[in-house]
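Participant: I'd like to ask some things about the structure below.
The values are calculated or read from the model by the stated rules, or taken from the named source; none is laboratory data. For clarity, every value in this text was computed on a predicted model and none was experimentally measured. Here the Cβ is made from the backbone with ideal geometry for all residues, glycine too, and neighbour counts use every protein chain on show.
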Amino acid sequence: MDILTAMQQRVSVRSYDGSRPVERALLDRLMAYAGAVEHVTDMCARIALVSGVERTRRILTTIVGSYGLVQNPPHLLVGVLPEERHLARLDLGYTLEQVVLEATRLGLGTCWIAGSYNPERAGDAVNLAAGEVAAAVVALGYPVEQGWGRFHSRAVRQLVGGHKRKPLTEIVFAGRWGEHWSPGGSDSTMVAVLEHARLAPSAVNRQPWRFVVQSKDLVLATVRPAPIDAGIVMAHVALASAALGQPGRWTVRWGDEHLAPECGLPPEATPVAVFAWA
Ligand SMILES: Cc1cc2nc3c(=O)[nH]c(=O)nc-3n(C[C@H](O)[C@H](O)[C@H](O)COP(=O)(O)O)c2cc1C
């Protein structure tokens, strides 16, 4: 599966076959990929693996009794920050989403979890060094393909509206914030990249990202400070651009006081980064 197809096919899987751990060779391949992945800040996040349904169950919190929103994952990828900083969270989104997409290519199910897990227990499971923070986990395993489990996974996705995305015309502006942008008058590669950015997962499917197209650059801002979601969408842009034969590079400008007025950002928006095509 190529990376664009992985972006198109990835969905959050919330019910796993707990009796089917991922094969050692596949896990090794995925963790080697995680260790070599490109970072976007020098606050490098690291990714650790926890295996065993009993261990993952202790980390994931439940809603009623033993009923979990994300059920029976045989593995969790734990996203570890070197310290609690927005830039480290941005890096985590950027790196861990690349691993999520690689897992999708390998035929595995995933689900980002930043709400319903216990950070202390996740930290204990991966032996945090002083200052490190377990900032999110990703469930990993084979999806349950039938019966209640499949229904559960689909029903929760429907409930949180996970299948919906805002139209590009709502999240992309031409030149300055608020200026109408239309795919018709734009470079077709840029439109394809933005289409794949739009498919990125985000917490509660809030899709906080907004793009301002400035000549050949793409400016990313978020409507609230959401660094993990921002990092995730940055990974989609970088990977899609490279896959479409026009690689480019992100420069992080989190909270940059010059970028905000240049793009006419409203006070509630946070400037994040600029993507320049080579
Ligand atoms: C940073 C982040 C945190 C998330 N936290 C949770 C969570 O705690 N529980 C959950 O069930 N889903 C969680 N999700 C999954 C989102 O709800 C999901 O990505 C979104 O609804 C879009 O659906 P899709 O991933 O199926 O395309 C999270 C996603 C992201 C990116």
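Participant: Inside region 182-278, counting only helices (runs of 4 or more DSSP H) that do not spill past its ends, which hold 1 or more residues that are within 21 Å of Thr5 (Cβ to Cβ)?
Facilitator: Filter on region 182-278 gives 188-198, 227-243.
Participant: Here is a further query. Within region 258-270, does at least one residue satisfy the condition of being touching a residue at least 40 places away in the same chain (Cβ under 8 Å) and under 17 Å from Val40 (Cα atoms)?
Facilitator: no
Participant: Also: Any residue at all in region 60-78 that is free of Cβ contacts under 8 Å to residues at least 60 places away in the same chain, surrounded by 12 or more Cβ atoms within 10 Å (Cβ to Cβ) and not in a strand (DSSP E or B)?
Facilitator: Scanning region 60-78 turns up at least one residue that is free of Cβ contacts under 8 Å to residues at least 60 places away in the same chain, surrounded by 12 or more Cβ atoms within 10 Å (Cβ to Cβ) and not in a strand (DSSP E or B).
Participant: Arg198 - would you say it is within 18 Å of Glu97 (Cα to Cα), of a type in the set (Lys, Arg) and touching a His at 6+ places or on another chain (Cβ under 9 Å)?
Facilitator: yes
Participant: Can you tell me which residue within region 141-164, out of those that are within 14 Å of the ligand (Cβ to nearest atom) and surrounded by 17 or more Cβ atoms within 10 Å (Cβ to Cβ), is modelled with the highest pLDDT?
Facilitator: Pro143
Participant: Report every pair of residues separated by at least 6 positions or lying on different chains whose Cβ atoms are under 6 Å apart, first residue within region 91-109 and assigned by TED's automatic domain parsing to the domain that holds Ala134, second of a type in the set (Ser, Thr, Tyr) and away from the ligand (no atom under 14 Å from the Cβ).
Facilitator: Matching pairs, first to second residue: Asp91/Thr41; Glu102/Tyr33.
Participant: Also, I was wondering about something else. Any chance you could count how many residues in region 1-16 are of a type outside the set (Gly, Ala, Ser) and not in a loop (DSSP other than H, G, I, E, B)? Break it down stepwise before answering.
Facilitator: From region 1-16, those of a type outside the set (Gly, Ala, Ser) are 1-5, 7-11, 13-14, 16; that's our starting set.
Checking the rest, the ones that are also not in a loop (DSSP other than H, G, I, E, B) come to 3-5, 7-9, 16.
Number of matching residues: 7.
Participant: Any residue in region 23-30 that is under 28 Å from Ala192 (Cβ atoms) and buried (at least 20 other Cβ atoms within 10 Å of the Cβ)?
Facilitator: yes
Participant: While we're looking at this one, here's another question. From the set of residues in region 223-233 that are free of Cβ contacts under 8 Å to residues at least 60 places away in the same chain and surrounded by fewer than 23 Cβ atoms within 10 Å (Cβ to Cβ), which is farthest from the ligand (Cβ to nearest atom)?
Facilitator: It comes out as Val223.
Participant: Scan region 17-55 for residues that are in a strand (DSSP E or B) and not β-branched (Val, Ile, Thr) and report the count. If you could, list the steps in order and put the result at the bottom.
Facilitator: Start the filter on region 17-55 by keeping residues that are in a strand (DSSP E or B), which leaves 46-51.
From what is left, the residues that are not β-branched (Val, Ile, Thr) are 46, 48-49, 51.
Of the residues in that region, 4 qualify.
Here is a yes/no grid of residues against (1) touching an Asp or Glu at 6+ places or on another chain (Cβ under 9 Å); (2) of a type in the set (Phe, Trp, Tyr); (3) under 24 Å from Thr41 (Cα atoms):
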position: Pro82; (1), (2), (3): yes, no, yes
position: Ala88; (1), (2), (3): no, no, yes
position: Gly93; (1), (2), (3): yes, no, yes
position: Leu96; (1), (2), (3): no, no, yes
position: Leu101; (1), (2), (3): no, no, yes
position: Gly107; (1), (2), (3): no, no, no
position: Trp112; (1), (2), (3): yes, yes, yes
